[in-house]
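Only one structure is covered here, and it is reproduced in the block below.
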Amino acid sequence: MRLPLVGAFARLVGPAALTAAGMIGAGAVATRLLAGAWFGFDLLWCALYVVPMVVISLDSASRVGVLSGGRGMFQMIREDIGAWLAWAIFVPTVLVNIVVNMSQMSAMVEGAYGSAGMLPPTGGQVGAGLLMVTVALTGLTLVSAVLGGYKRVEKIMTALLIVILVCFIIVAIKGLLDWQTWLALGSGLVPHIPDNVPVVGSERSRGALTQVIAIAGQALPPAVFLSYGYLAANAGYKGTATEVRQAFWKTVQNLGVLWGLFSVVVIVAGATALHAVYTGNGPTYLGVSHFSQIESIPVAGQVLGPAFPGALGYLAPRFFSVGLIAAAFTTLISVSLTMTYFCLDMARKNWHFTADNRLFKVVFAIWITAPALIAPFWQLPALLKAIIAMVGNLLLAPVAVLVIMYFVNRQELGEFRAGTARNIILGITAVFAAALVVNGLVGLF
């Protein structure tokens, strides 16, 4: 709190710090940075237009959580709708978030290699070096999160994320100094699905629809929507009118302004510093000369090059790698904490995160350790793992939004029941997510 920017950020986030940490993580960086790198400004519309959906959905979830009387969301679903729906949401949520945590640990491992200016091992074999790095990072995460010291680490990570955001803003501003860039940016605000991009030197291609689904899946995370009641209860909310209004403005500040700005500048930075530079006729870095080939963290880290003056340019990918370790760390903790709430609630156990709740710490530790240690055996670049995890997220988003919509319209909420405008936005959010899921399944089969 002695660092002004970090203190300001912490005050904006308030008791929902883990929500922001989970939203501004490796998944957000991967989906938006690679969207800009592969498709230029063509998918900017998706990152921008989902911001009001996120704000209203999360604020509705916060109202339900604050006014839930201390009940967790799965308890509410089980008691007020039916146990069948609780289990229908819980089981796929567990599977999806195992993948999410695997992708976060993979991002941390690749970040560790990238910070040393190296590419992670490839070729489908899990070597001793990769396992050692994974075990070491898992141990550090476990100690800091479960055995104490997490608050201090969280402050350091928050500071790193803010510096990374500032670097992205610098890169985006430099890219926008060219007036022709604004023409491309304007066209990117018109909703459309661009053609797939063939990967130079291979038979693969980058799917535009998949990337749209990944951006939306990261922006509309069902676990975040459903976990707010637990966060509100642990934060000590009493459900007063003042607290409900404060929660709304914190949501606007954190996710409407901070996260919305983050989403836009990362795409702009990827479009101007990667898509427009690695054209096949320009520079080459670690064997990559065309933007379609970019998929590893060390190469993607070149996006911060314009933020570093002249001779310090070589630090850009290393700095990006360290920043992505920070982003992946916060998301890994956030997801593990959320899933611990869910698991204990479904088991009808005490899900409050208190010093004497040993079962909570055990389940929390398992959610950190198990996905992290199996991550090296899933042979894909970390950024692509993050995208796949976000696609899986979207499958549950329509159901989560409809559940929130059901609870926020109940008589018990009194003056804080959803009005017409809020219901329209929630309905559009559910339809948008469902339409992307249907299009994705049609494309798959």
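The values are calculated or read from the model by the stated rules, or taken from the named source; none is laboratory data. Keep in mind that what you see is a predicted model, and the values were worked out from it rather than measured. Cβ: placed from backbone, ideal geometry, glycine included. Neighbour counts: every protein chain shown. Remember, those area values only see protein heavy atoms, side chains included, never the ligands or the DNA or RNA. Shrake-Rupley method; radii C 1.70, N 1.55, O 1.52, S 1.80 Å.
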* Structure fact -> By the mean-Cβ-within-10 Å protection proxy, highest first, 341-350, 192-201, 37-46 rank as 37-46, 341-350, 192-201
* Structure fact -> With all protein chains in place and a 1.4 Å probe, residue 183 shows an accessible area in Å² (nearest 10) of 110
* Structure fact -> Long-range alpha-carbon pairs in region 174-230, meaning those over 17 Å apart, account in percent for 64
* Mind ordering 404-412, 279-287 by average Cβ neighbours within 10 Å, highest first? -> 404-412, 279-287
* Distance in nm between pseudo-label sites at residue 48 and residue 409 (7 Å out along the Cβ direction from Cα) -> 3.1
* How would 78, 71, 417, 204 rank on accessible area, largest to smallest, probe 1.4 Å? -> 204, 417, 71, 78
* Structure fact -> For the pair residue 308 and residue 178, the simple spin-label estimate (label points 7 Å beyond Cα toward Cβ) gives in nm 2.2
* Tell me, what is the 1.4 Å probe accessible area of residue 354, in Å² to the nearest 10? -> 50
* Peptide ranges 355-365, 208-218, 428-438 listed from the most packed, as the mean C-beta count within 10 angstrom indicates -> 208-218, 428-438, 355-365
* Any idea what diffusion coefficient region 31-113 gets from Stokes-Einstein, in µm²/s, Kirkwood Rh on alpha carbon pairs, 4 °C, 1.567 mPa s? -> 80
